[in-house]
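For reference, the structure is listed below as structure tokens.
The values are calculated or read from the model by the stated rules, or taken from the named source; none is laboratory data. All figures in this text were calculated on a predicted structure; none of them were measured in a lab. Glycine also receives a Cβ, built like all others from the backbone with ideal geometry; neighbour counts cover every protein chain displayed.
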Amino acid sequence: MRGAKNLIAQTHKRKRNIKQKTAWKKQCSVSRNHIFASRKPEADILHELEKEKVGDDSAEGFSLKASAPSNSHGVQPLGNLYFTPSSHNSRNSGLGTHLGVLSTVSKSLYVFCNHEPLWRNIVLETCKGGFLFYETWKSTYVSAIRPSFEILNSGLNVRDFYSDYLFQSWLCANLEMKPEWLERDNIVRAKGISVEEFVSRFEEPNKPVLLEGCLENWAALDKWDRNYLIELCGNVQFSVGPVEMKLEEYFRYSDLAKEERPLYLFDPRFARKVPNLGLDYEVPVYFSEDLFSVLGDERPDYRWIIIGPAGSGSSFHIDPNSTSAWNAVIKGSKKWILFPPDVVPPGVHPSPDGVEVACPVSIIEWFMNFYNETRSWKKKPIECVCKAGEVIFVPNGWWHLVINLEDSIAITQNFVSRRNLLNVLDFLKKPNACMIVSGTRDRVNLYEKFKKAIEASFPGIVDDLLSKAEDKKIQKKKLSFWESVTDSNAGAFKFSF
């Protein structure tokens, strides 16, 4: 049997699909997530496995054998659920109870049925209105469904049981960040620069920068600790993945949970829920122009409070709607890795239309399997550790991964300025806008609404920016006399005969 060292060095590169789309999904590894309670079949399987009418035994692209019997248990494709009047799926009913019974069958089933991610899925599906975490997800489920039951967190120790799949989940949940994963810090840092310098050096060329010293007047830096936030927010519930939780409940969870992918508090409506939170900070001067504001309450989600324990974070993604963003750390510290728009991070597989992204299940898994690969790349990623009181500017289109190195609190906002207005308009009017535009209910009409609002508030701005963009293209194509007679690589004259 392989030792733990070999297991760490040769862990499987698991993939997860963020959204499902059949044709492209066949090219990617099936996500380990889909093995859990929420497992879904391929979306392009038969729309029906049985027909009541004679001769009506085919589906688009498929034909059943004439001798095909009815499914012995009445199992149907998951897609059929969306065409039934009821949203009930018998597959999910009583799953927690079934796992408990199944775990008594054998030692192997006992181990698999006590796999924590299984119970996590059940709790998140069952307890939408929040939950009290009790050291393990199984105990949390039992306490929520059967409060009178005694909670036992100790389990059987099964000898001679070997599983890469189960071991890697435990490993990723308990692995420390290696020093070499944190030592590279190649981002440009700036302090006290003017808005004009920020625009010319970073925003116009679309380059990241870490800004220091621009949060000194934020009340949040001094006030936002656990006690203050719990007292201020009281019973207000915040978005934590698929559930809503009070801050006191979330902090209890983040203290006790030791898992591969800790739940992340990421709420876009925090300032509406608790107006005082919005008063404790102000937008840094470099990001004061936000053209999406012309839409008022119809603008897409744009600001979030972010709270999470060490190990929580966001896997590789590009910010929504082609916006740029800034992220300010109030407490704690975050490791950032950024790749420019033309460089897809290793281990990340976006679909051609941008609707889906397949990537490793957890952030730690990406570091284990792919981080060292970037050391030999010609285009190395931009990396840094952003600490309390610092702000990072994330230009539009850049891939980025973020992991909290300790308990952290941050504010982030996405914005549209004149520098990326044309990019945003182009993104919003794409043919598949109904699938890629996010943060709003009216995805299809957002382009027209935004363009009309922009023209009403800033007449001629779009035409002016288009004209300037065209001039830049022409300027790049034109060669000066000196450039035409100079070999830019050799630094000497060149002659053509």
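Key figures for this structure:
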read-out	value
Any hit, the stretch 180-190, residues being in contact with a Lys or Arg (Cβ under 8 Å, 6 or more places away or on another chain) and either farther than 30 Å from Ile382 by Cα or exposed (fewer than 12 other Cβ atoms within 10 Å of the Cβ) (or both)	yes
Some residue of the stretch 297-314 being touching a Gly at 6+ places or on another chain (Cβ under 7 Å) and more than 23 Å from Thr412 (Cβ to Cβ)	no
So Ser72, is it modelled with pLDDT under 70 and of a type in the set (Ser, Thr, Tyr)	yes
Strands (runs of 3 or more DSSP E) lying entirely in the stretch 366-450 (those with 1 or more residues that are out of contact with any Asp or Glu (no Cβ under 7 Å at 6 or more places or on another chain) and surrounded by fewer than 17 Cβ atoms within 10 Å (Cβ to Cβ))	382-387
From the options Arg303, Arg261, residue that is out of contact with any strand residue (DSSP E or B) (no Cβ under 8 Å at 6 or more places or on another chain), touching a residue at least 12 places away in the same chain (Cβ under 8 Å), crowded, with 17+ Cβ neighbours inside 10 Å and basic (Lys, Arg)	Arg261
Test result for Val444, of a type in the set (A, V, I, L, M, F, W, C) and within 16 Å of Glu289 (Cα to Cα)	no
Residue identified as out of contact with any strand residue (DSSP E or B) (no Cβ under 9 Å at 6 or more places or on another chain) and in contact (Cβ under 8 Å) with a residue 24 or more places away in the chain among Asn206, Asn227, Asn217, Asn186	Asn217
Every residue from the stretch 428-472 that is acidic (Asp, Glu) and touching a residue at least 40 places away in the same chain (Cβ under 8 Å)	Asp442
Residue check, Leu166 modelled with pLDDT of 95 or more, outside any loop (DSSP other than H, G, I, E, B) and surrounded by 14 or more Cβ atoms within 10 Å (Cβ to Cβ)	no
Residue in the stretch 324-344 that is surrounded by 22 or more Cβ atoms within 10 Å (Cβ to Cβ) and over 19 Å from the mean Cα position of the chain (by Cα) present	yes
Index of the failed condition, Phe316 passing every other in (1) under 22 Å from Pro262 (Cα atoms); (2) surrounded by fewer than 19 Cβ atoms within 10 Å (Cβ to Cβ)	(2)
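One line per residue, one yes/no per condition, for (1) surrounded by 15 or more Cβ atoms within 10 Å (Cβ to Cβ); (2) not in a helix (DSSP H, G or I):
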| position | (1), (2) |
| --- | --- |
| Cys172 | yes, no |
| Glu176 | no, yes |
| Lys207 | yes, yes |
| Asp222 | no, no |
| Leu232 | yes, no |
| Tyr250 | yes, no |
